[in-house]
Amino acid sequence: MLSILVLNGPNLNMLGKREPEVYGSQSLQDINQALLQMAESLDITLTFFQSNHEGALVDEIQAALSRHQGILINPGAYTHTSVAIRDALAAVALPTVEVHLSNIHQREAFRHHSYIAPIAVGQISGFGSDSYRLGLEGLVRHLRQSLKAGALRVDMLETDA
Ligand code: CA2
């Protein structure tokens with residue numbers, strides 16, 4: 001069974017509590033719950049991790065190599081600042097999809113640049129909590145296509161199942 005790590009960066013634990021006009025009224029738990037429902041119908045396993053600390057996110061990305069086949073990440077503000085998170089993602093080389101609740105390209109100029117996007121399979125931005133669902137769907141399709149094409153090792157999946 002495919003296993004995917006869902007990572008959330010700084011302040012995303014405050015979702016639903018502040019700035020609903022920018023980030024919506026759903027909590028991170030609500031979003032994760034909806035992803036779990038999707039996971040059931042997609043027959044995949046999800047693991048959730050949120051941290052306000054860059055190093056904790058780097059540790060989790062490194063540990064993902066032996067546990068998961070893909071990463072869905074909303075790096076929060078680290079999107080625009082973190083070479084360390086980008087390097088960790090590049091090092092483990094697990095297919096990664098970057099998601100954002102808001103449309104980062106419509107906001108302040110400092111949010112337009114992502115350190116993660118160049119090493120991601122793709123970026124989904126601006127669909128509110130649906131960004132996570134769309135991102136998960138895209139990531140699973142990508143992983144299944146890679147499996148079919150022989151680009152993803154099946155023995156890796158069996159080890160972790
Ligand atoms: O739109 C997104 O998903 C962002 O990743 C959210 C980050 C922001 O720095 C990025 O530019 C775009 C901020 C997350 C902060 O989340 C909060 C949630 C509720 C209240 C306050 C902040």
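Laboratory data are not the source of any read-out in this text; all were calculated from the coordinates shown. Keep in mind that what you see is a predicted model, and the values were worked out from it rather than measured.
Ratio of the range 2-156's C-alpha Rg to 2.2 N^0.38 Å, to two decimals? Mind showing how you got there, number by number?
Details: Rg = 14.6 Å, N = 155, 2.2 N^0.38 = 15.0 Å.
Working it through for the range 2-156, the quotient is 0.98.
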* So between residue 67 and residue 41, what do we pick up on full extension, going 0.36 nm a residue minus the alpha carbon distance? -> 7.3 nm
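Between residue 91 and residue 27, what length comes free when the chain is fully extended (0.36 nm per residue of separation minus the Cα-Cα distance, one decimal in nm)?
Gain in length upon complete extension: 19.9 nm.
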* To do: Express in % the proportion of alpha carbon pairs of the range 1-70 at distances exceeding 15 Å.
  => 58
* What number, rounded to the nearest 500 deg cm²/dmol, is the helix-based mean residue ellipticity at 222 nm of the chain, given -39500 (n - 2.57) per DSSP H run of at least four residues and division by all its residues? -> -12500 deg cm²/dmol
* Each residue of the range 52-66 in order: what ³J(HN,Hα) in whole Hz does its phi give by Karplus 6.51 cos²θ - 1.76 cosθ + 1.60, θ = phi - 60°, with x for Gly and Pro? -> 8, 10, 4, x, 5, 5, 4, 4, 5, 5, 4, 5, 5, 4, 8
